[in-house]
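*Asks:* Pasting a structure here, questions to come.
Each value in this text was obtained by applying a stated rule to the coordinates, not by laboratory testing. These numbers were taken from a predicted model, which means no experiment stands behind them. For neighbour counting, all protein chains shown are included, and Cβ atoms are generated from backbone atoms with ideal geometry for every residue, glycine included.
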Amino acid sequence: MIELYRPIKERFGADCLFDRPASDFTTYRAGGPMDVVVKPASREDLAWLTAFCLNNAIAYLTLGAGSNILVSDKGLKGVCALTLKLDKIVIAGGALTAEAGALWDNVVKAAVEAGLAGLEKTSGIPGTVGGAVFMNAGAFGQETFDCIESLEVMNRSGSALVLKKSDVSYAYRKVEGLEGLTILSAVFRLPAGDGKALAADRACVLGKRAEKQPLDLPSAGSVFKRPSGDFASRLIDEAGLKGLRVGDARVSEKHAGFIVNGGKATASDIYGLIKKVRAEVKAKTGVVLELEQILLGEFE
Ligand SMILES: Cc1cc2nc3c(=O)[nH]c(=O)nc-3n(C[C@H](O)[C@H](O)[C@H](O)COP(=O)(O)OP(=O)(O)OC[C@H]3O[C@@H](n4cnc5c(N)ncnc54)[C@H](O)[C@@H]3O)c2cc1C
């Protein structure tokens, strides 16, 4: 352990891990060693950690379920906080408040069970509330920001503040105004719906995911954003790239928009395949695909 990190270990004990592979914390199940991974169980702990890193010039990053990232095989320097222990969900009237580490699908399920509409089509997205907000995650025509009322965020010195929806600019899988901030919680204002219809919608979406997506293999969902007026998966399929491989990474035969890890893929395999797919699609269709997933650490 680097001496600089000793106070973190003293404060977090077993919830502070050193040199663990990114594959332990990401749904791609790939990537190199992460210097320090911490799982804060309270806001006070999270505030202490971000301030400690700021004061000691340590690189700091907040992650949720690691379901939209690819970490380099060279790993990540500095401290990474996982929010998963901050997972409270409270419903009061039409307002659902969820902490950043709550699993998104648990939030959707709670809303549906309470007869609240607006999130049901996003059933099955495997990340956390923090990740969903940061990415403006969405599916089947619904997006995280559709029903957001406000967000609670923390700056690097550990101070919390509330942002209104209008303080943030958002679009398809793109959010501006949260850079350098840790999302603590989000409030969703949800209209009352028909409980039975909501539950049926949820079941239908979960069924479609199981039918169309390679949920049995590690991935991070759709690799590329939807190009205007088209689908990345359609273009990749049309270019004949289903099954294309680099090392143990391959374009899913079930859903061309996904790259799956056959079990032993490195982050370099996955990254190499991303580049190959992009180049082939550009050559065959003229469309330049934009990455939806986030690359962390050094590539190339
Ligand atoms: C099988 C599968 C299906 C998927 N389907 C969909 C889909 O239908 N629609 C869709 O939009 N996505 C989908 N995804 C991608 C992914 O699940 C979403 O983007 C999800 O919202 C990411 O959440 P996360 O907690 O895993 O974020 P992470 O991957 O941990 O992080 C993503 C980004 O968010 C930032 N972040 C996370 N938490 C915080 C926080 N508390 N404060 C500040 N920044 C934070 C991270 O720093 C990082 O930059 C899918 C992924 C898989 C594996």
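*Asks:* Read through the list (1) surrounded by 13 or more Cβ atoms within 10 Å (Cβ to Cβ); (2) more than 15 Å from the ligand (Cβ to nearest atom), then give the number of the only condition that K212 fails.
*Replies:* Failing condition for K212: (2).
*Asks:* Scan segment 104-115 for residues that are buried (at least 21 other Cβ atoms within 10 Å of the Cβ) and either of a type in the set (G, A, S) or over 17 Å from S150 (Cβ atoms) (or both) and jot them down.
*Replies:* W104, V108, A111, V112
*Asks:* Further, regarding this structure: Could you run through segment 142-159 and say how many residues are within 26 Å of L46 (Cα to Cα) and within 12 Å of the ligand (Cβ to nearest atom)?
*Replies:* Of the residues in segment 142-159, 8 are within 26 Å of L46 (Cα to Cα) and within 12 Å of the ligand (Cβ to nearest atom).
*Asks:* Go through (1) free of Cβ contacts under 8 Å to residues at least 40 places away in the same chain; (2) touching a Ser or Thr at 6+ places or on another chain (Cβ under 8 Å); (3) surrounded by fewer than 16 Cβ atoms within 10 Å (Cβ to Cβ) for R234 and report which single condition fails.
*Replies:* Unmet condition: (2).
*Asks:* Which one of the conditions (1) more than 8 Å from the ligand (Cβ to nearest atom); (2) without any contact (Cβ under 8 Å) to a residue 40 or more places away in the chain; (3) among the small types (G, A, S); (4) surrounded by 23 or more Cβ atoms within 10 Å (Cβ to Cβ) does G101 fail to meet, given that it meets all the rest?
*Replies:* (1)
*Asks:* Also: Tell me the residue from G262, G272, G247 that is exposed (fewer than 15 other Cβ atoms within 10 Å of the Cβ) and not basic (K, R), please.
*Replies:* G262
*Asks:* Out of the residues in segment 121-141 meeting the condition of being more than 6 Å from the ligand (Cβ to nearest atom) and small (G, A, S), tell me which one is farthest from the chain's Cα centre (by Cα).
*Replies:* The qualifying residue farthest from the chain's Cα centre (by Cα) is G141.
*Asks:* Sticking with this one: Mind checking which residues of segment 64-80 are touching a helix residue (DSSP H, G or I) at 6+ places or on another chain (Cβ under 6 Å) and farther than 14 Å from T26 by Cβ?
*Replies:* Scanning segment 64-80 gives a single hit, V79.
*Asks:* Here's something else I'd like to know. Looking only at segment 59-87, filter to residues that are in contact (Cβ under 8 Å) with a residue 40 or more places away in the chain, more than 22 Å from G124 (Cβ to Cβ) and small (G, A, S); which one of those is farthest from the ligand (Cβ to nearest atom)?
*Replies:* Here the answer is G75.
*Asks:* Taking only pairs six or more apart or across chains, which ones have beta-carbon atoms under 8 Å, a first residue in segment 250-267 that is in contact (Cβ under 8 Å) with a residue 40 or more places away in the chain, and a second residue that is of a type in the set (F, W, Y) and more than 11 Å from the ligand (Cβ to nearest atom)?
*Replies:* Short answer, once both residue conditions are applied: A267/F299.
Yes/no matrix, rows are residues, columns are (1) over 17 Å from K208 (Cα atoms); (2) in contact (Cβ under 8 Å) with a residue 40 or more places away in the chain; (3) of a type in the set (S, T, N, Q):
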| position | (1), (2), (3) |
| --- | --- |
| L119 | no, yes, no |
| S123 | no, yes, yes |
| V133 | yes, yes, no |
| A139 | no, yes, no |
| E143 | yes, no, no |
| I148 | yes, yes, no |
| L151 | yes, no, no |
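*Asks:* Please verify whether segment 28-35 includes one or more residues that are outside any strand (DSSP E or B), under 21 Å from the mean Cα position of the chain (by Cα), surrounded by 16 or more Cβ atoms within 10 Å (Cβ to Cβ) and more than 14 Å from the ligand (Cβ to nearest atom).
*Replies:* yes
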